[in-house]
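Let me begin by presenting the structure, written as structure tokens, before commenting on it.
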Amino acid sequence: MSELNNHNTTSPRNAQWREELRAKHSAKERTAIPRVKMPELSPQYRVTTFTEEVNSGLSAESAVLEATRCMDCPDPQCVTGCPVGINIPGFIKNIERGEFIKAAAVLKETSALPAVCGRVCPQEKQCESRCIYHKMKKEPVAIGYLERFAADYERQSGKSELPAVNACNNIDIAVVGSGPAGLSFAGDMAKRGYKVTVFEALHEIGGVLKYGIPEFRLPNSVVDAEIKTLSEIGVKFVKNCIIGKTYSYDNLHQMGFKGIFVASGAGLPRFMGIPGENYIGVMSCNEYLTRINLMGAGREDGDTPVLKGNRVAVIGGGNTAMDAVRTARRMGAETAIVVYRRSEQEMPARVEEVKHAKEEGVTFLTLHNPVEYLADEKGRVRAMRVQKMELGEPDASGRRSPVPVEGAIEEIAVDLVIVSVGVSPNPLVPNAIPSLEMSRRGTIVVNESTMQSSLSDIYAGGDIVRGGATVILAMGDGRRAAAAMDDALKNN
């Protein structure tokens, strides 16, 4: 397996071409280049379409220029900020020299979903946050934009190369769930020579990448292309199959599976427990986005119903809340409001997502929290009562806790409320395996270094362990679990 664990197989730093590339420009020349700007569709146009991406992608010329900014550091800290350990300078330097297909090959050594990650990863908090440019008080190299460029170029060129795969060892491995954790694990195990079967409860493969993230941020065609690559290296996908219902834990053993990776996600919506949440027109973000993204409720030819509103409030401040409120604008909402109990500075959503929402006409009501919903005579929500908040002392996460301002309650007219205050782990698999150790939050308890559960043949990762996190952290879990399960199976 050494060839799969060596991040430098395609692009060692001491390769002659890398040394020549470094000598081509001085540090002063590289740092004088301003960071590239991502081309975007105009806000006026993009609120009219669900399927066209807001970010248009870099041109080859822009990508090469941005790649030239990279200093090819001898000890690249950007790599330490990547949960899947991508050889970042290796792929970027290939872009700089115009070898875009080779750049994509470097990405695929460690990432099963480079075109996805280039779009939805919070690079500003991860790889880009460690870039040496910060020490120079300059903007970091646009690693995420370059990752997307390389992956997109390869896909659009028709010259896609499959990652290296070891000879088949005829050991069957089951994966429960086809979201980012499951796909990442499946890709790594297939590369190691295992026969991998992914079981997906829904009618499409992709998990949260399909039902949770709108196409204007992550097109289904991009997800499908990544899944096609996994199929081509031997991963088998089974749809409409609920582990815990269709097949039990014992059934999987009877079918010959020697290891199971549970990546069933966090599909159980949370609500706030305030009066009026059962009125018509108060719904979970999970249901709203699933109906529109996965089931086509936003399409003219779609037959899935979904509630629409002219005055829509989305409760919450994460990326999912931004997805929902921007979707509501595309569904025809004249007024779309984000209601968040902390200030904008504490908002967990990506800065880019907040920017895009504002450009699309979304208003932000920060330091407010709903305390009650009011309905009309037909039981449809007509207004919400919101409590004004102020920031108090920091909580356990270091963020200042919001506290109510006494007597400061106002009423705001709304006709649709989408609640996006978090999700809980999917309880189906744990309920079907009573001997599996669970936390009080309903997550599967694992050894964090190996992702192994209390049952030796079950490993788990993603939201079923974390209770709600990013795509890239879920993928990191999948990679860690694959390495550990491989070691365990080899040493048995």
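The values are calculated or read from the model by the stated rules, or taken from the named source; none is laboratory data. In this text the structure is predicted, and so the values were computed from the model without any measurement. Virtual Cβ from ideal backbone geometry, glycine too; neighbours counted across all protein chains shown.
Within the stretch 414-446, which residues are assigned to a loop (DSSP other than H, G, I, E, B) and under 23 Å from the mean Cα position of the chain (by Cα)?
Listed by number, the residues that qualify are 420, 421, 422, 425, 426, 427, 441, 442, 443, 445, 446.
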With the condition kept exactly as written, say whether any residue in the stretch 203-217 is assigned to a loop (DSSP other than H, G, I, E, B), hydrophobic (A, V, I, L, M, F, W, C), closer than 20 Å to residue 147 by Cβ and outside the structural domain of residue 325 (by TED's automatic domain parsing). yes
When you go through 327, 304 one by one, which is the residue that is under 23 Å from residue 208 (Cα atoms) and surrounded by fewer than 19 Cβ atoms within 10 Å (Cβ to Cβ)? 304
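Those residues that are among the charged types (D, E, K, R) and surrounded by fewer than 23 Cβ atoms within 10 Å (Cβ to Cβ), I need them from the stretch 108-125; list them, please.
Across the stretch 108-125, the qualifying residues are 124, 125.
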Under the condition of being among the charged types (D, E, K, R) and farther than 20 Å from residue 332 by Cβ, which residue from the stretch 350-375 is surrounded by the most Cβ atoms within 10 Å (Cβ to Cβ)? 353
Which residue pairs have Cβ atoms under 7 Å apart, sit 6 or more places apart or on different chains, and have a first residue in the stretch 1-20 that is closer than 16 Å to residue 108 by Cα and of a type outside the set (A, V, I, L, M, F, W, C) and a second that is modelled with pLDDT of 70 or more and in a loop (DSSP other than H, G, I, E, B)? 3/164; 7/85; 7/87; 8/87; 11/87
Which listed residue is touching an Asp or Glu at 6+ places or on another chain (Cβ under 8 Å), free of Cβ contacts under 8 Å to residues at least 60 places away in the same chain and not assigned by TED's automatic domain parsing to the domain that holds residue 262, from 144, 98: 144
Give the number of residues within the stretch 188-244 that are polar (S, T, N, Q) and over 22 Å from residue 54 (Cβ atoms). 4
Restricting the first residue to the stretch 373-398 and requiring it to be assigned by TED's automatic domain parsing to the domain that holds residue 276, which pairs with a second residue that is in a loop (DSSP other than H, G, I, E, B) and of a type in the set (Gly, Ala, Ser) meet a Cβ separation below 6 Å and a spacing of at least six or different chains? 373/276; 380/281; 381/281
